[in-house]
């Protein structure tokens with residue numbers, strides 16, 4: 001058996017083993033099918049070369065030519081699929097050429113040297129197209145990705161050159177046959193890339209290759225020793241072979257993990273330490289509820305890994321206007337990220353992907369706006385001392401982010417290291433959600449206890465208050481003593497006001513017991529308008545009611561809805577001390593579906609507008625806080641009660657106000673029945 005035949009047979013066996021490894025692994029990675037197609041092409045080529053080297057007949061020559069076509073076709077499909085290129089001219093040309101040449105191979109031309117040269121040229125050309133496509137991607141990629149692609153491209157060029165030499169040697173030319181080995185190693189490199197779903201750097205590739213070599217040598221030594229031990233009586237050798245196989249199968253996984261562990265300690269010390277610290281952090285995060293402790297532990301583990309010189313954790317402020325730094329390692333220029341000033345940075349993070357400095361600096365700005373965005377992102381990365389920013393994203397909401405930098409080297413973080421930190425940030429998001437939930441439950445229990453206590457106190461105050469009022473009313477007063485009469489009237493007036501405050505407070509604390517049913521919002525607004533017109537106001541008030549066409553009924557408690565609208569209308573009239581116009585409006589509208597992004601639900605929007613002096617931002621911010629009021633005789637509970645009642649109607653009040661121009665308060669209500677195609681309830 002010639003050297004070429006042996007090399008082709010070994011390559012075919014190794015390719016078959018790699019194909020089985022990829023096909024039957026549990027993790028279903030991207031590009032798996034096209035990669036298996038590519039392995040099948042090379043396997044068939046090496047198997048055909050082995051058969052042709054043994055017999056050299058016309059049948060095996062045709063099989064070899066068909067295998068060459070399969071290599072060409074599978075190469076084009078694999079590289080275009082991996083690079084996510086659309087089906088282009090080359091794929092169409094490759095497919096049609098393979099069909100035409102395949103038909104010609106079945107004729108007498110299939111036995112000629114011309115056809116062999118044509119297929120070889122086609123296969124090598126397709127292989128070259130795939131490597132050239134990688135080279136084009138390398139020129140467009142970021143610095144880190146380009147550095148990894150460079151090794152793959154150079155290895156691909158070596159594979160093409162040595163494959164060409166093998167084809168020449170197959171027809172009797174005395175050149176060394178290295179293509180079988182180089183191609184197999186190149187496929188192995190791609191197998192690592194496909195299985196890890198990321199490009200590997202040169203150190204990572206060499207480490208994995210060396211680990212595989214050590215494992216293979218150890219297995220060979222174990223197998224050889226056990227088989228040699230069994231040489232002797234008939235049947236003993238077979239028993240030793242079975243025993244050796246069992247020992248290898250049982251010790252394969254732990255042996256592989258042990259070798260990978262020691263390879264990591266010897267060759268990838270920093271990555272190994274980062275992996276170790278992130279693994280410890282994953283176990284610790286599940287028991288952390290306090291946000292401060294979570295941030296501190298995260299940075300402690302990053303510091304212990306010795307992979308960062310700067311790191312910081314930013315979380316959203318309670319007011320929702322920016323993100324504040326919780327903990328940091330190393331100096332930090334900016335400890336607060338404003339929503340407006342850093343909007344480009346926050347928009348990029350809301351996309352869910354890790355933001356890298358290499359990605360930002362490599363981005364090609366196509367217009368002035370894109371260039372400005374790129375400069376602002378670079379400025380933000382400098383201000384936050386960050387080469388990487390990992391978002392804490394929950395249901396599309398950016399809870400915060402982790403900034404990481406190592407200023408000791410130019411490109412400190414490999415894709416594997418980035419994925420290690422990204423896995424931890426996913427656990428951090430769960431911990432932040434649990435912390436927020438625990439805080440809400442704790443606050444709910446606290447408020448519930450305070451509410452029960454306050455309601456009890458209100459009842460206790462109400463009884464003596466009634467006794468005071470009755471006693472004052474029964475006093476026999478001198479009708480001629482005006483001062484005495486005035487003091488009594490003050491006592492009665494203040495007693496009535498305090499009684500009103502207690503009644504409203506109890507209404508606010510009382511559990512919701514609404515009678516939800518189909519309600520005509522138009523009839524409610526007309527009734528509110530009538531009540532407002534009959535009351536006395538400081539200035540002349542014009543009341544308008546505007547109802548949209550075909551207004552459907554809403555699902556609400558009619559009495560409570562009237563109370564809400566009347567409360568908003570009275571507040572508006574009291575604000576217009578010099579008089580003005582009160583507008584009560586209801587129209588059909590739509591708003592986003594809470595559980596299905598992109599869909600909307602039919603609602604009815606109610607608006608109460610006035611032409612009064614409007615409100616400042618400070619007043620608008622505190623508007624729904626109980627007991628906050630700007631009125632001289634107000635209790636500050638009316639709007640809080642209205643907001644609470646609307647929460648049971650799946651709604652909330654939205655305020656639009658401009659100083660000097662007036663105020664509009666809006667809320668929406670669910671329909672009693674879904675809308676039909678014509679806009680009316682079914």
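Quick notes
- Region 277-294 - residue that is without any contact (Cβ under 8 Å) to a residue 40 or more places away in the chain and closer than 17 Å to residue 420 by Cα and, of those, surrounded by the fewest Cβ atoms within 10 Å (Cβ to Cβ): 283
- Helices (runs of 4 or more DSSP H) fully within region 88-187 counting 2 or more residues that are more than 49 Å from the chain's Cα centre (by Cα) and at pLDDT below 85: 113-140, 143-170
- Of the residues in region 366-384, none is surrounded by 14 or more Cβ atoms within 10 Å (Cβ to Cβ), assigned to a strand (DSSP E or B) and modelled with pLDDT of 85 or more.
- Criterion applied to 159, 126 was being farther than 21 Å from residue 85 by Cα, in the same structural domain as residue 84 (by TED's automatic domain parsing) and surrounded by 17 or more Cβ atoms within 10 Å (Cβ to Cβ), and the one residue passing it is 159.
- Of note, residue 410 satisfies the criterion of being modelled with pLDDT under 80 and in contact with a helix residue (DSSP H, G or I) (Cβ under 9 Å, 6 or more places away or on another chain).
- Residue match in region 10-24 (condition: surrounded by fewer than 18 Cβ atoms within 10 Å (Cβ to Cβ), within 33 Å of the chain's Cα centre (by Cα) and without any contact (Cβ under 8 Å) to a residue 60 or more places away in the chain): yes
- Scan region 307-328 for residues that are more than 20 Å from residue 406 (Cα to Cα) and assigned to a strand (DSSP E or B) and the total you get is 5.
- Residues that are over 13 Å from residue 425 (Cα atoms) and touching a helix residue (DSSP H, G or I) at 6+ places or on another chain (Cβ under 8 Å) were ranked within region 285-300; the one that is modelled with the lowest pLDDT is 289.
- Where a residue in region 432-444 is within 20 Å of residue 284 (Cα to Cα) and its partner, wherever it lies, is in a helix (DSSP H, G or I) and modelled with pLDDT of 75 or more, with Cβ under 8 Å and at least six apart: 432/291; 432/294; 435/291; 435/294
- Residues being surrounded by fewer than 18 Cβ atoms within 10 Å (Cβ to Cβ) and more than 23 Å from residue 342 (Cβ to Cβ) - total across region 385-414: 4
The values are calculated or read from the model by the stated rules, or taken from the named source; none is laboratory data. Owing to the predicted nature of the structure, the values given are computational and were not obtained by experimental measurement. For neighbour counting, all protein chains shown are included, and Cβ atoms are generated from backbone atoms with ideal geometry for every residue, glycine included.
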